[in-house]
1. Residues in the stretch 253-274: is at least one touching a His at 6+ places or on another chain (Cβ under 9 Å), closer than 30 Å to Ile313 by Cβ, in a strand (DSSP E or B) and open to solvent by less than 10 Å² (accessible area, probe 1.4 Å)?
2. May I ask you to say which residue of Gly282, Gly289, Gly308 is touching a residue at least 60 places away in the same chain (Cβ under 8 Å) and open to solvent by less than 70 Å² (accessible area, probe 1.4 Å)?
3. Quick one: would you say Asp250 is within 13 Å of the chain's Cα centre (by Cα) and of a type in the set (Asp, Glu)?
4. For the stretch 220-234, give me each residue that is at pLDDT 95 or above and open to solvent by 10 Å² or more (accessible area, probe 1.4 Å).
5. Hey, among Val237, Val276, which residue is more than 18 Å from the chain's Cα centre (by Cα) and among the β-branched types (Val, Ile, Thr)?
6. Could you check the stretch 41-62 and list, in sequence order, the residues that are of a type in the set (Val, Ile, Thr) and in a helix (DSSP H, G or I)?
7. Give the stretch 49-103 a look and list any residue that's small (Gly, Ala, Ser) and within 22 Å of the chain's Cα centre (by Cα), or say none.
8. Return the residues of the stretch 200-214 that are of a type outside the set (Gly, Ala, Ser), part of a loop (DSSP other than H, G, I, E, B) and within 23 Å of Val44 (Cα to Cα); say none if nothing qualifies.
Amino acid sequence: MPSSKKKSAKKGGRRAPSASAKSTTSAVRLNEEIIGNNWKTKVVKKSVIRELNEALVYESKCDVRKALLSKVDSLNGKYVDETGATTGELMPVTYETQPMINFTQKERFMLTVGKTAPFHIDKRTHGVPINMMQNAGYDTQDMENAKRWTGKEAVLHILLPHLSMGDEESAVFLGECYLDKEDTVHFAHQFAKASSSFDWPDSFACHQCPFCCKMALPVNDKTSKTSIEEGSYILIVQKIMQTMYAPGADGKQMMQRVHRGLPRLCCKVCFEKNFVEEACKGEEFSYPGILQHDINLFAATDSVLSKGLVKIIKRGEDSGVDGGDDDQKMILSAFSMFQLYEKCGMCSAVDEAIYVKTRQESEMMGLSVQNLSVK
């Protein structure tokens, strides 16, 4: 993992600076220790907001992070494959868990594509998630979310080299957002190690740009245009997978393939640089045109979906004056945008497509998949 600080005996990974720390060189704690059992109740405490964001700043500046950034820089433009991207096998391991790396003998699910990673946008529709609504690994709220999807809505998929592994459903474009300090805690709750029986990356993987590996940091001043711009990112959701083996009822080894949608905050410069524009296909196939086709469109016409979402007004030119209050001049917080992805049913629709496709591919390969899960 990116931090080189000594780990405690408690499972969880990287350490974070304590809330009382006056500098990023002070003693640090694991993120799991910072949030404790709050991931169960989703309670957001001011002390946790402060300490976890100090942890994030530490993570962005630690020596291991500097070495990682240097490694990614050294690979930029070198060893380019047929897609025009830096060869995926050379990408450094960051927050990947061992089950992701050992997905198959030849494939591994990685979190980094490198600074040179040209990608196309694919506009698709997904049918109503029937399996999801029949409780295929989903709880009651998830099933209610799935029912909102009509199958007529368009989904913008990002065909990122190395992350896609030939799978169009691998990454989904959500839109431009800003990172709020509370978002850091919300992501930590949702992706807490203790919240899953599988070994997934923790929330700091959400903050790491898949292109350059820099860490996304929150907006410091919501009244400042400059601060909002510096704390704004492009949010995508990457499909990550792992393969697990366990004894079956008949004594034979059972294979379980599990996937999860991981939100990723991309630097806008990295996203724009690698976006292969095809403006002839429509505004959403160009930059910044694609920003007018973000997932916020779903909340604009649905009061149920818009309820509880956190957003701020983009500011006018350096004056600090509000630019207006219509939806085109509002920007969602990162976690609100991810919540909207789940609430509107898009998450269920994409999960359904992955669920069906993975099962079909496994059966064609002659693999005995006794249990295929979406979480």
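The values are calculated or read from the model by the stated rules, or taken from the named source; none is laboratory data. Everything quoted here is computed from the prediction, not taken from an experiment. Every residue, glycine among them, receives a Cβ derived from its backbone with ideal geometry; neighbour counts consider all protein chains shown. We work out accessible area using only protein heavy atoms, side chains counted, and drop any ligands, DNA or RNA first. Shrake-Rupley method; radii C 1.70, N 1.55, O 1.52, S 1.80 Å.
1. Applying the first criterion (touching a His at 6+ places or on another chain (Cβ under 9 Å)) to the stretch 253-274 yields 264-265.
Okay, now just the ones that are also closer than 30 Å to Ile313 by Cβ, so 264-265.
When the remaining residues are screened for being in a strand (DSSP E or B), the result is 264-265.
Keeping just the survivors that are open to solvent by less than 10 Å² (accessible area, probe 1.4 Å) gives 264-265.
Within the stretch 253-274 (the criterion being touching a His at 6+ places or on another chain (Cβ under 9 Å), closer than 30 Å to Ile313 by Cβ, in a strand (DSSP E or B) and open to solvent by less than 10 Å² (accessible area, probe 1.4 Å)), the answer is yes, since at least one residue qualifies.
2. Numbers: Gly289 fails: touching a residue at least 60 places away in the same chain (Cβ under 8 Å); Gly308 fails: touching a residue at least 60 places away in the same chain (Cβ under 8 Å).
None of the others qualify; the one that does is Gly282.
3. On the way: within 13 Å of the chain's Cα centre (by Cα): no; of a type in the set (Asp, Glu): yes.
Against the criterion (within 13 Å of the chain's Cα centre (by Cα) and of a type in the set (Asp, Glu)), Asp250 does not qualify.
4. Narrowing the stretch 220-234 to residues at pLDDT 95 or above: 232-234.
Selection gives Tyr233 alone.
5. Values: Val237 fails: more than 18 Å from the chain's Cα centre (by Cα).
One residue alone meets the criteria, Val276.
6. Thr41, Val48, Ile49, Val57
7. Here is the first cut: in the stretch 49-103, the residues small (Gly, Ala, Ser) are 55, 60, 67, 70, 74, 77, 84-85, 88.
Ala55, Ser60, Ala85, Gly88 - these are the residues of the stretch 49-103 that are small (Gly, Ala, Ser) and within 22 Å of the chain's Cα centre (by Cα).
8. Initially, the stretch 200-214 is screened for residues of a type outside the set (Gly, Ala, Ser), giving 200-202, 204, 206-214.
Going one step further and asking which of them are part of a loop (DSSP other than H, G, I, E, B), we end up with 200-202, 209-214.
Selection gives Trp200, Pro201, Asp202.
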